[in-house]
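The values are calculated or read from the model by the stated rules, or taken from the named source; none is laboratory data. Computed from a predicted model, the values in this text were never measured in an experiment. Positions of Cβ are backbone-derived with ideal geometry, glycine not excepted, and every protein chain shown enters the neighbour counts. Note: areas computed on protein heavy atoms with side chains; ligands, DNA, RNA excluded. Shrake-Rupley method; radii C 1.70, N 1.55, O 1.52, S 1.80 Å.
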Amino acid sequence: MKQDATRNAAYTVDCEDYVHVVEFNPFESGDSGNLIAYGGNNFVFVGTCTFQEEEADVEGIQYKTLRTFHHGVRVDGIAWSPETRLDSLPPVIKFCTSAADMKIRLFTSDLQDKNEYKVLEGHSDFINGLVFDPREGQEIASVSDDHTCRIWNLEGIQTAHFVLHSPGMSVCWHPEETFKLMVAEKNGTIRFYDLLAQQAILSLESEQMPLMSAHWCLKNTFKVGAVAGNDWLIWDITRSSYPQDKRPVHMDRACLFRWSTVNENLFATTGYPGKMMSQFQIHHLGHPQPILIGSVAVGSGLSWHRTLPLCAIGSDHKLLFWVTEM
């Protein structure tokens, strides 16, 4: 748990499993610590972490595992529910996962005796993205290589189903207008759906493929970012259906794109693991070059802290954290 200069990460936490995905809880959970979940080959680990940037009496990082959930199959994705609360009695931990067996699992725990999960089945190929509706947490959206976007209720029943033109890579819910959903496809098209009318209302084009990841900027929902080919691309949806800005960033194809939750000009991208290392970059729209470049041995997953300009990435039996100046 020390400053680790050789890897460029500010903080490191050793993990019991290979880390395939990591997600900070993006919602206020009523506790001073930050909930974080990471998924490995067989388990999901839920813990809290506090950083010296937010608590004066913490040196570096304080990390504590709250609960380990047996998963039984490789974890590909994790999405937090806004119903998660640490300040309720009993506490509520709620999240869902996508897995290598093409199923979604919805986990609920009170961190004591109640630990249950429900399996949501319907996708016929790998699930590339999933997200809870951010207001009520009563629905889950998922996208898959099977060319569909599906909406599920918490009972596991599908309430909507959109046929896509290529594999669905990312799905995001509008933070306030919860009838709006963004779906990004591998063929470079990003569509916005009206869930009440159950139809597409707007689309964006990257004009390059494969589009691997896209993200809606929650600080400014007119902004959408993505990585396609070797480039990152940014749209202003009020101005054009084509990118306002794009730049080549990763030699061996870009993998993930995530906006910061605290600054609408800050975002991070990752490249595919190369022969030895995969590259991680933090970008600021006011700067022509990346403001931070890190390298990770087989990095996977990418998540921003809810209130700090701080990123987490998973690696081989490690969580790595990078801090950037605003």
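I'd like to check which strands (runs of 3 or more DSSP E) are fully inside region 4-97 and have at least 3 residues that are farther than 26 Å from GLY129 by Cβ. Give the derivation first.
Working: elements: 11-14, 21-24, 34-39, 43-51, 61-70, 75-80.
Once the strands (runs of 3 or more DSSP E) in region 4-97 are filtered for at least 3 residues that are farther than 26 Å from GLY129 by Cβ, what remains is 11-14, 61-70.
Give the number of residues within region 200-215 that are modelled with pLDDT of 95 or more and out of contact with any Lys or Arg (no Cβ under 9 Å at 6 or more places or on another chain).
Selection size over region 200-215: 2.
Go through THR261, THR221, THR238, THR269 for me and flag whichever is outside any loop (DSSP other than H, G, I, E, B) and either at pLDDT 90 or above or within 20 Å of TYR38 (Cβ to Cβ) (or both).
Values: THR261 fails: outside any loop (DSSP other than H, G, I, E, B); THR221 fails: outside any loop (DSSP other than H, G, I, E, B); THR238 fails: outside any loop (DSSP other than H, G, I, E, B).
Exactly one residue qualifies, and that residue is THR269.
Scan (1) touching a Lys or Arg at 6+ places or on another chain (Cβ under 9 Å); (2) closer than 16 Å to TRP304 by Cα; (3) crowded, with 17+ Cβ neighbours inside 10 Å for the single condition ALA37 breaks and write down its number.
Status for ALA37: all satisfied but (1).
Under the condition of being open to solvent by 60 Å² or more (accessible area, probe 1.4 Å) and out of contact with any Gly (no Cβ under 7 Å at 6 or more places or on another chain), which residue from region 252-285 is nearest to THR221 (Cα to Cα)?
GLU264
Select from region 277-307 the residues that are touching a residue at least 60 places away in the same chain (Cβ under 8 Å), more than 21 Å from VAL44 (Cβ to Cβ) and under 16 Å from the mean Cα position of the chain (by Cα) and list them in ascending order.
The answer is THR307, and nothing else.
Looking for whichever is charged (D, E, K, R), touching a residue at least 12 places away in the same chain (Cβ under 8 Å), over 21 Å from ASP76 (Cα atoms) and assigned to a strand (DSSP E or B) here; the options are ARG105, ARG191. Which one fits?
On the way: ARG105 fails: over 21 Å from ASP76 (Cα atoms).
The unique qualifying residue is ARG191.
Please go through region 40-67 and pick out each residue that is buried (at least 16 other Cβ atoms within 10 Å of the Cβ), of a type in the set (Ser, Thr, Tyr) and under 13 Å from CYS15 (Cα atoms).
Answer for region 40-67, where residues must be buried (at least 16 other Cβ atoms within 10 Å of the Cβ), of a type in the set (Ser, Thr, Tyr) and under 13 Å from CYS15 (Cα atoms): just TYR63.
I'd like to verify a number: residues in region 292-317 that are over 23 Å from LYS219 (Cα atoms) and buried (at least 22 other Cβ atoms within 10 Å of the Cβ), how many?
Residues meeting the conditions: 6.
Conditions (1) on the phi > 0 side of the Ramachandran plot; (2) touching a Phe, Trp or Tyr at 6+ places or on another chain (Cβ under 7 Å); (3) at pLDDT below 95, marked per residue:
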residue: SER88; (1), (2), (3): no, no, yes
residue: MET102; (1), (2), (3): yes, yes, no
residue: ASP113; (1), (2), (3): no, no, yes
residue: LYS118; (1), (2), (3): no, no, no
residue: ASP125; (1), (2), (3): no, no, no
residue: LEU130; (1), (2), (3): no, no, no
residue: PRO134; (1), (2), (3): no, yes, no
residue: ILE151; (1), (2), (3): no, no, no
residue: LEU154; (1), (2), (3): no, no, no
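Can you pull out the residues in region 219-248 that are crowded, with 20+ Cβ neighbours inside 10 Å and hydrophobic (A, V, I, L, M, F, W, C)?
Scanning region 219-248 gives VAL224, ALA226, VAL227, ALA228, TRP232, LEU233, ILE234, TRP235.
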